[in-house]
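**Q** One structure, as structure tokens, below. Some questions next.
The values are calculated or read from the model by the stated rules, or taken from the named source; none is laboratory data. Note that this is a predicted model, so its numbers are computed, not measured. All Cβ positions, glycine included, derive from the backbone under ideal geometry; neighbour counts span all protein chains shown.
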Amino acid sequence: MNDGDLSGYNVYFDAKLPVGSGKLGFVLGMGSGDDDPLRGDGNINRIQTQGFFYVTEVWEDSIMPDQEGITPQGLGSPASRGYREFENTTLLQVNYGWKTTDAVSLFVSGSYMQATEPIFAWAEAYDPGNLYPGDLDNVSTSDDLGWELDARLTWKVYPGLLWIFRAGYFAPGDGALYLVNGSDRWDEDAFELRTIVKFSFGGVKIGGN
């Protein structure tokens, strides 16, 4: 809900520095938020992530799905009021990627996510026994979205054949709990394991999860 005036912004910064046998990377991503979701300006932003560049496993895939998530899934379903792209999200990441052999490469990262504008515990706002609908003056807020650890192993089994193992572990903060559940009464860490096999021949690529 807003007065019809929409505005927003996105900022993304990715730097890599050769260190040892690999590259040390730093990522900053920031998307605008709405400091008053019931009145005033409304927030809108858009940045394409996984389809074009990698950020995280769990947060990106489940809570802030992008274009590849044709239908919202998991924590990012409409019922959980999940984010899209970098909406109201400030992300800081440190990562490192290196090759252990000519055929095997590894990538690890640690990310911390914070809400650009505090998130309201919407279950409190719409609880008739507590506050009348739309009253946000006394509702709990938090800007702590949580942190995530990710890893990716890529193995070139044969020319044209890749086997990829991906893993992510996400520990939500109170802000993420308000976003997903509406309150902080349910606190469950999320993890994701995925294997991908890619085979290419004659210019045609075949892949599956």
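**Q** Cβ-Cβ distance below 6 Å, separation of 6 or more or different chains: which pairs start in segment 101-112 with a residue that is at negative phi and end on one that is among the charged types (D, E, K, R) and surrounded by fewer than 16 Cβ atoms within 10 Å (Cβ to Cβ)?
**A** Hits for this filter: 103/156; 105/99.
**Q** I'm checking my understanding of the structure. Among residues of segment 142-168 that are hydroxyl-bearing (Ser, Thr, Tyr) and crowded, with 16+ Cβ neighbours inside 10 Å, which one is modelled with the highest pLDDT?
**A** Result: 154.
**Q** Right, next: Residue 33 - would you say it is modelled with pLDDT of 85 or more, more than 20 Å from residue 150 (Cβ to Cβ) and either assigned to a helix (DSSP H, G or I) or of a type in the set (Gly, Ala, Ser) (or both)?
**A** So residue 33 fits the description; yes.
**Q** Could you tell me how many of the residues in segment 48-65 are touching a Gly at 6+ places or on another chain (Cβ under 6 Å) and either more than 18 Å from residue 27 (Cα to Cα) or modelled with pLDDT under 70 (or both)?
**A** Residues meeting the conditions: 3.
**Q** Name the single residue that is farthest from residue 101 (Cα to Cα) among those in segment 1-46 being among the aromatic types (Phe, Trp, Tyr) and in contact (Cβ under 8 Å) with a residue 24 or more places away in the chain. Step through it out loud before you land on a result.
**A** Here is the first cut: in segment 1-46, the ones among the aromatic types (Phe, Trp, Tyr) are 9, 12-13, 26.
In the following step, the residues that additionally are in contact (Cβ under 8 Å) with a residue 24 or more places away in the chain were identified as 9, 12, 26.
Numbers: 9: 41, 12: 31, 26: 24 Å.
Among them, the one singled out is 9.
**Q** Something else: Identify the residue in segment 1-30 that is over 30 Å from residue 153 (Cβ atoms) and exposed (fewer than 11 other Cβ atoms within 10 Å of the Cβ) and, among all such residues, is modelled with the highest pLDDT.
**A** Looking at the filtered set, the residue picked out is 5.
**Q** Those residues that are over 24 Å from residue 47 (Cβ atoms), part of a strand (DSSP E or B) and of a type outside the set (S, T, N, Q), I need them from segment 97-116; list them, please.
**A** 98, 99, 104, 106
**Q** Now for a different question. Within segment 89-123, count every residue that is over 19 Å from residue 14 (Cα atoms), touching a helix residue (DSSP H, G or I) at 6+ places or on another chain (Cβ under 9 Å) and either modelled with pLDDT of 95 or more or not aliphatic (A, V, I, L, M) (or both).
**A** 3
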